[in-house]
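Note sheet for the following structure.
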Amino acid sequence: MSSEQSSTALKDAADSEIGPTGRPVTEFPEPPVLVSHGPARIIAMVNQKGGVGKTTSTINLGAALAEAGRRVLLVDFDPQGALSAGLGTNPHELDVTVYNVLMDRKVDIQDAIQSTDVENVDLLPANIDLSAAEVQLVNEVAREQVLDRALRKVSDDYDVILIDCQPSLGLLTVNALTAAHGVIIPLICEFFALRAVALLVETIEKVQDRLNPRLQVDGVLATMYDSRTLHSREVIARLVEAFGEKVFETVIKRTIKFADATVAAEPITSYAGNHSGADAYRNLARELISRGGAP
């Protein structure tokens, strides 16, 4: 590179807007139009700490990917059924859920999958029954691969399958990691959340080593970020220090609109389509696709 080119590059970098992660803001391109669908790339949304935005991110990233023309299946893999409720389903009124699919080979996964009010988004729901699966699966042969076997039957119908995991590193989460191609780690911008990540990374590495060598960390997603506080900025700096390029450039800022959308049982992309929170998840979908994390 000539000195003139070098100085131009430095000037461009200086002129670039710097994002919350301390890197120049990237304009991610509009995703290419898909001419066919499937097989799906399966992504587990995992963090054993609760309240970090896993379910909110699963719903809104799924809706943003669907807006981009991707067929999406959202898998509720938490006995609390928050993902199902967040899409307008009453978990207590369900006859067939992911639990039945896991525990009864006679139950076809297609019978449990529901369409949602969001175009191109389907749901595999869950309720409190799923909590029994952790105990019952202990005696199963290849107990870590039960979800993988079930999802294989519908993989060709979707482009992306997002699994909303429970806040635990138990057998259900190991099942999700065994079925997945990638992991997204949503992480609230607080120091206590940072402490839990080392154990999660260790679990991911064990699954890679023993059960699923194709598994990779697609990215770490900073959520509930408040640019006004030094604390949030320091946590992001620590995240980038620990994970480098694995930290998504897209950062999800704290806003009451996410809670309002949850009460309305809608993703923010339809509830408040022009809101900055909706734009953030659209940008995350573009970033994920451009990184190769989704087709």
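How large is the dipole of the chain about the Cα centre if only Lys and Arg carry +1 and Asp and Glu carry -1, each at its Cβ, rounded to the nearest 20 debye?
580 debye
Using alpha-carbon positions, what is the distance between the centroids of segment 55-104 and segment 147-212, in Å?
15 Å
For the chain, what is the calculated [θ] at 222 nm in deg cm²/dmol (nearest 500), taking -39500 (n - 2.57) for each run of four or more DSSP H residues and dividing by its residue count?
-12500 deg cm²/dmol
How do 181-194, 62-75, 146-159 rank on mean C-beta neighbours within 10 Å, highest first?
62-75, 181-194, 146-159
Can you give the percent of C-alpha pairs in the chain whose distance is more than 37 Å?
13 percent
Over 10 Å intervals from 0, what percent of Cα-Cα pairs in segment 71-181 sits in each interval?
15, 53, 30, 2
Relative to the compact globular guide of 2.2 N^0.38 Å, what is the alpha carbon radius of gyration of segment 24-76, as a ratio?
Cα-based Rg divided by the globular estimate yields 1.35.
Would you work out which of V46, V201, N127 lies farthest towards the positive end of the dipole of the chain, given +1 charges on the beta-carbon of Lys and Arg and -1 on that of Asp and Glu, about the Cα centre?
Result: V201.
Are any of the pairs K153/K246; K153/K257; K54/K206; K49/K257 more than 26 Å apart by Cα-Cα distance, and if so, which?
From the list (K153/K246; K153/K257; K54/K206; K49/K257), the Cα-Cα distance tops 26 Å for K153/K246; K153/K257.
For segment 223-262, treating each Cα as an identical point scatterer without solvent, what Debye log10 I(q)/I(0) comes out at q = 0.31, 0.32 1/Å?
Once normalised to I(0) and log-transformed, intensities are -1.05, -1.08.
Can you compute log10 of I(q)/I(0) for segment 214-290 with the Debye formula, treating each Cα as one identical point scatterer, at q = 0.11 Å⁻¹?
-0.33
Using a probe of 1.4 angstrom, how much of the accessible area of the chain is carbon and sulfur, in percent?
Ligands and nucleic acids excluded, carbon and sulfur reach 49 percent.
In segment 76-133, if every C-alpha pair distance is counted and binned at 5 Å from zero, what percent goes to each bin?
The distribution over segment 76-133 is 4, 23, 32, 25, 13, 4, 0, given as percents.
Quick check for you: with a 1.4 Å probe and neighbouring chains kept, what is the accessible area per residue of segment 43-201, in Å²?
Dividing the accessible area of segment 43-201 by its residue count gives 38 Å².
Placing +1 on the Cβ of each Lys and Arg and -1 on the Cβ of each Asp and Glu in the chain, which of A179, Y271, A259 has its Cα farthest towards the positive end of the resulting dipole?
A179
Could you work out the per residue convex hull volume over the alpha carbons of segment 14-123, in cubic angstrom?
Cα-based convex hull of segment 14-123, divided per residue, equals 148 Å³.
If you look at just the Cα atoms of segment 154-271, how large are its Rg and its Dmax in Å?
According to the Cα coordinates of segment 154-271, Rg and Dmax are 15.8, 46 Å.
Work out from phi, with θ = phi - 60° and the Karplus expression 6.51 cos²θ - 1.76 cosθ + 1.60, the ³J(HN,Hα) of each residue of segment 160-170, listed in order in whole Hz, and give x for Gly and Pro.
Along segment 160-170, the couplings run 9, 10, 9, 9, 8, 8, 6, x, 6, 10, x Hz.
Among 242-252, 284-294, 44-54, what's the highest-first ranking by average C-beta atoms within 10 angstrom per residue?
So the peptides 242-252, 284-294, 44-54, ranked by packing, come out 44-54, 284-294, 242-252.
The values are calculated or read from the model by the stated rules, or taken from the named source; none is laboratory data. The structure displayed is predicted, hence computed values, not measured ones. Using ideal geometry, Cβ is built from the backbone for each residue, glycine included, and neighbour counts are taken over all protein chains shown. Quick note on the areas: whole protein, heavy atoms, side chains included, nothing else; ligands and nucleic acids left out. Shrake-Rupley method; radii C 1.70, N 1.55, O 1.52, S 1.80 Å.
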